[in-house]
Amino acid sequence: MDIQRSAAQPSTAPTAIRREDYSPPAWEVPQIALDFALDPADTRVRAALTVTRSSPHDMPLVLDGAGQMPLSVKVDGVAVNDWRIEGEQLVVPLTGDHHVVETEVSIAPESNTQLMGLYASGGNLCTQCEAEGFRRITWFPDRPDVLSVYRVRMTADRRRYPVLLANGDPVASGENDDGTHWAEWHDPFPKPSYLFALVAGDLAVNASTFTTMSGREVRLGIWVRAADLAKTDHALHALKLSMAWDERVYGREYDLDVFNIVAVDDFNFGAMENKGLNIFNSRYILADPDTATDYDYDAVAAVVAHEYFHNWSGNRITCRDWFQLSLKEGFTVYRDQCFSADQGSAAVKRIEDVRGLRASQFPEDSGPLAHPVRPESYIEISNFYTATIYNKGAELIRMMATMLGPVRFRAATDLYFDRFDGTAATCEDFVACMEEAGGIDLSQFRLWYSQAGTPRVSAGLSHEPGGGRAELRLAQHVPATPGQSVKQPMLLPLKVRLFGAETGRPLTDERLILLDQVAETITFESVTERPVLSINRGFSAPIVVESDRTAEDLAFLSAHDDDPFARYEAMQQLMLDTLVAGTIHGEVKGQAVIDAVTRTLEAEGLELAFLAEAVLLPSENFIGDQLVTVDPDAIHAARETLRTQLGRALLPTWRRLYAELAQGRYVYSPEAKGRRRLRNVALGYIAASGAEDAAALAFAQFEAADNMTDRQAALTTLVSSDAPEREDALAHFHARYAGNGLVLDKWFQTQALSSRSDTGAVVERLAQHPDFTLANPNRARALLGAFGVNQRAFNAADGSGYRFLAEQLIALDRLNPQTAAKLLPPLGRWRRFDAKRSGLMRAELVRIVETPGLSKDLFEQASKSLD
Ligand code: PHE
Ligand code: ZN
């Protein structure tokens, strides 16, 4: 039989997969045995699938495969030749209800640049299967609702690949006399193919144990290249904290005897929750004070927790189909957010999460790529690992937790884990458990899963001075999104409280208002003085609030609100109003902000990390998101002006803080992190003031720092300046960290984020730097991803930024479609800009779409962005 090797990319126009077309698998695969003869150029994969007809039907067995062809097919031990290839599927006719189907393929991990399936990274071999990578390894029904028990045997060169790992528990290993060795692993828990993993490499381990709540001892291992072993303690510690936290907070215990994590340098996402064998982007494992910032330390702990928590929310209960992705991701993000909140300041964690949501999810929800938390269709599922699925999905879980309260929420998650353990479930299954154990009706709440777009709530408070009564008029509006022009009103849980303008004291308790109508009026009795509205406290709903609060009201709340998030939010709104007005009118009236910042810095009892967040101005992008037409230069000018005003007006305060907050030897603790953060914010404002010694101060900090947080902060300050120290610092930094990929990423990223006017040209030059490569996703993201969010540089009026990004993405698409597609969204903001910029952006999108041989990934993102 003559079979063409199927091309990596489809030549015909890609078709959409629809949620409504779901049907259960025709064949189950209760068991699979895999045998790998590992070799970078020619790995032989033999698979034996025990298959069972799932219901009376006469359909053949259909297996997915991509980029390989079967070398042989056997049924019940006998070679057959009545199979056929249809598109990317292998169709095997079967007569009985139970068979063993065996295939053998050859794959070449060393030439796998997509980093999906089996690939090489830093001389080691590893796998990435979510969402559809397993089909690049062997023929299989590669869908999450087919659950199998895996037995894996690996044979590999003993010296090159001394360590052989797979899911589950190791069962046997040995040596052959041809220089190879072998190992066998068995995972007793049935799992979908996207959770399969193996690693073969020359790795060292940071090993430890954890005793679970029922007294079982689990062997933990974090595997990295030997030189990195000293940087794994933080991750190991975070893993143990996560294991204990999931027992304490959700009653969930780990279930295998071994839990391994492997760090690799080439990875498309953050990390992967493969059963018993997590594989991580090394940036979320490796941390020491000299190379990782406080932000990096926090991210390592959060991602370690996230992947660990997936063992229950993802692995024990998985997703029926990829439309249900938020079932595992939204819930698991919510879980990791709560974990992180418990490790330090819950208030600051909430502020960071909302900042992140506004920076990534809100723009997505108001742009051409908007989609519901449970999408209706996709062309390429990899494009749906989005802020909407993850972060808005987490907000949905949080809203349900808020409405249920802690006790009923825990009862509801217990019910969910109990009822769906060992199955592939849906978002609906989860909501039904919340409803049942919570004793509430969530019919209308379900719209959060199906309606895209960020709801907008307008809030107006009125008060009759004599009558003692206040009325809060609320109205909601959900904007149209692609494919959804008409929306229904949603159920919005809004935490609200009133404060007295004269006394500064609360006038009411905190109330949870469930807004479920288009418009509603809420009445408050015995309101004895003019009330000021604190609304959406704790960011209880992921919405935009438009209120009639004055600058004085906002300043008042920023000083008196007892909810730290609301307090932060009032300041942000005051800053935002000032900056939007400044952008439009070309004059920045900063006095109210200056007064509010002064008062906040003088207030008693606030955490330093909170202060640092509270006094930071909203980003240029976020200001742009408030405007009908984004004028990047005017926004930049307004923001810089306010920064300078704040810098000058409070210069003595910034200097005092800078001096007082200096610390001795580096320690990593919530307190020490807060000091560093506020001190570096102070440094930024000293620089913004134009003080003559600012560059010298930053350079001195850069040179003296015993940790990356302070060094990177100083570098960031210098890189946006015209000071002569700028070049020096960049050169030192580069030389000092030669060969350290993760730190070089920072070197690229810091320059791409610079606010200088030559940043576009600098970035184009950096793309030619010998250390730049599109082959490594972290490096590509460090330069191109950062440039894409640098609003002023990317949107240069001549379109050079657009052209540069498009060229890079077309080149990157040939190597790694997933990573290219992830970096496209900045080009989709064209509707928000003036006609000239829109035209230039659209032209680049057209150029991308018309590129011959484009991947489905980039095609979907670019073509949807044009609509
Ligand atoms: N499932 C991974 C997570 O924990 C993300 C991921 C998706 C990783 C696809 C690799 C590929 O969020
Ligand atoms: Zn996840």
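When only C-alpha pairs under 8 Å and at least 6 residues apart count, what is the relative contact order of the chain, in percent?
8
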> Of all the C-alpha pairs in the stretch 613-687, what % are more than 17 Å from each other?
Replying inline: 53
>> If each residue of separation counts as 0.36 nm, what is the full-extension length gain between SER526 and ARG505 once their alpha-carbon separation is subtracted?
In response: 6.2 nm
> Given TYR666, ALA698, VAL628, which one lies farthest toward the positive end of the charge dipole of the stretch 617-729, if we put +1 on the Cβ of every Lys and Arg and -1 on the Cβ of every Asp and Glu?
Replying inline: TYR666
> Roughly what percent of Cα-Cα pairs across the stretch 188-228 reach past 11 Å?
Replying inline: 75
>> Run the numbers for HIS732 and HIS769: contour at 0.36 nm per residue of separation, minus the present Cα-Cα distance, in nm.
In response: 11.7 nm
>> At a 10 angstrom cut-off on C-beta neighbours, averaged per residue, how do the peptides 634-642, 175-183 rank from highest to lowest?
In response: 634-642, 175-183
>> If packing is taken as the average count of other Cβ atoms within 10 Å, what order do 229-240, 189-200, 52-63, 614-625 fall into, highest mean first?
In response: 189-200, 614-625, 229-240, 52-63
>> Explain nothing, just compute: Karplus ³J(HN,Hα) = 6.51 cos²θ - 1.76 cosθ + 1.60, θ = phi - 60°, for every residue of the stretch 484-499 in order, whole Hz, x for Gly and Pro.
In response: 9, 7, 10, 10, 9, x, 9, 8, 10, x, 10, 7, 9, 8, 10, 10
> Under 13 Å from the Cα of LYS74, which aspartates and glutamates turn up, not counting those fewer than eight places away in the same chain?
Replying inline: ASP82, GLU102, GLU104
>> Averaging over every viewing direction, what projected area does the convex hull of the Cα atoms of the stretch 504-656 cover, in nm²?
In response: 10.5
> If you keep only loop residues by DSSP, which chymotrypsin sites (Phe, Trp or Tyr not before Pro) in the stretch 118-157 have at most 14 other Cβ atoms within 10 Å of their Cβ?
Replying inline: none
> Of PHE794, PRO109, ALA301, which is farthest along the charge dipole of the chain in the positive direction, counting Lys and Arg as +1 and Asp and Glu as -1 at C-beta?
Replying inline: PHE794
>> Give the lysines whose C-alpha is closer than 17 Å to that of LYS487, dropping any in the same chain fewer than 8 places away, or say none.
In response: none
> Around PHE417, with a cut-off of 10 angstrom between Cβ atoms, what is the net charge of the other residues, counting Lys and Arg +1 and Asp and Glu -1?
Replying inline: 0
> Where does the Debye-calculated log10 I(q)/I(0) of the stretch 84-183 sit at q = 0.12, 0.22, 0.24 Å⁻¹, using only Cα point scatterers of equal weight, no solvent?
Replying inline: -0.52, -1.38, -1.47
> Which value results when the Cα radius of gyration for the stretch 427-571 is divided by 2.2 N^0.38 Å?
Replying inline: 1.14
> Which value in Å is the Kirkwood Rh of the chain over different Cα pairs?
Replying inline: 28.8
> Taking the Cα centre of the chain as the origin and placing charges on Cβ (Lys, Arg +1; Asp, Glu -1), which of VAL171, TYR194, ALA731 is farthest toward the positive end of the dipole?
Replying inline: ALA731
> How many angstrom separate the Cα center of the stretch 384-406 from the Cα center of the stretch 680-709?
Replying inline: 39
>> If neighbour count is taken as other Cβ atoms inside 10 Å, put THR212, THR318, THR523, THR43 in order from fewest to most.
In response: THR523, THR212, THR43, THR318
>> Under 8 Å for C-alpha pairs, at least 6 residues apart: give me the relative contact order for the stretch 17-202, rounded to a whole percent.
In response: 23
>> Show me the three semi-axes of the equivalent ellipsoid for the stretch 31-75, from the C-alpha gyration tensor (sqrt of 5 times each eigenvalue), largest first, rounded to whole Å.
In response: 26, 12, 8
> Over 22 Å between Cα atoms, which of LYS392/LYS856; LYS191/LYS822; LYS275/LYS328; LYS240/LYS275 qualify?
Replying inline: LYS392/LYS856; LYS191/LYS822
>> Please list, in order along the stretch 816-832, the HN-Hα scalar couplings obtained from phi with the Karplus expression 6.51 cos²θ - 1.76 cosθ + 1.60 (θ = phi - 60°), rounded to whole Hz, x for Gly and Pro.
In response: 8, x, 4, 5, 4, 4, 5, 8, 6, x, x, 6, x, 8, 4, 4, 8
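Across every pair of different alpha-carbon atoms, what Kirkwood hydrodynamic radius in Å does the stretch 737-867 reach?
Details: mean 1/r = 0.0680 Å⁻¹.
One over the average 1/r among Cα pairs gives 14.7 Å for the stretch 737-867.
Report, in debye and to the nearest 20, how large the dipole of the stretch 458-542 comes out about its Cα centre when Lys and Arg carry +1 and Asp and Glu carry -1 on their Cβ.
240
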> If you average the sequence gap of Cα pairs under 8 Å that are 6 or more apart and divide by the length of the stretch 652-727, what percent do you get for the contact order?
Replying inline: 27
> For the stretch 560-618, which GluC sites (Glu not before Pro) are in a loop by DSSP, counting at most 12 other Cβ atoms within 10 Å?
Replying inline: GLU587, GLU604
> Once the Cα atoms of helix 551-560 and of the chain are each reduced to a long axis, what angle between those two axes, in degrees from 0 to 90 to the nearest 10, is obtained?
Replying inline: 70
>> Between 0 and 90 degrees, rounded to the nearest ten: what's the tilt of helix 632-649 against the longest Cα principal axis of the chain?
In response: 60
>> Report, to one decimal in Å, the Kirkwood hydrodynamic radius for the stretch 118-245 based on all distinct Cα pairs.
In response: 16.3
> Can you give the convex hull volume per residue for the Cα atoms of the stretch 279-393, as a whole number of Å³?
Replying inline: 115
>> Using only Cα atoms and rounding to the nearest 10 degrees, what angle (0 to 90) does helix 856-866 make with the longest principal axis of the chain?
In response: 30
> If you place +1 on the Cβ of every Lys and Arg, -1 on the Cβ of every Asp and Glu, and leave all else neutral, what size is the dipole of the chain about its Cα centre, to the nearest 20 Debye?
Replying inline: 920
> GluC sites (Glu not before Pro) within the stretch 647-752: which are DSSP loop residues with at most 16 other Cβ atoms inside 10 Å?
Replying inline: GLU692
> Could you state the principal axis extents of the C-alpha atoms in the stretch 354-466, from the largest down, to the nearest angstrom?
Replying inline: 61, 38, 24
> Once the piece of chain linking THR209 and ILE594 is laid out straight, how much longer is it, given 0.36 nm per residue of separation minus the C-alpha distance between them?
Replying inline: 133.4 nm
>> No solvent, one uniform scatterer per C-alpha: report log10 I(q)/I(0) for the stretch 652-727 via the Debye equation at q = 0.20, 0.22 1/Å, two decimals.
In response: -0.79, -0.95
>> If you wrap a convex hull around the alpha carbons of the stretch 224-292, what volume per residue comes out, as a whole number of Å³?
In response: 104
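No value in this document is a laboratory result; all are computed from the given coordinates. None of the values given here were measured: they were computed from a predicted structure. Glycine also receives a Cβ, built like all others from the backbone with ideal geometry; neighbour counts cover every protein chain displayed.
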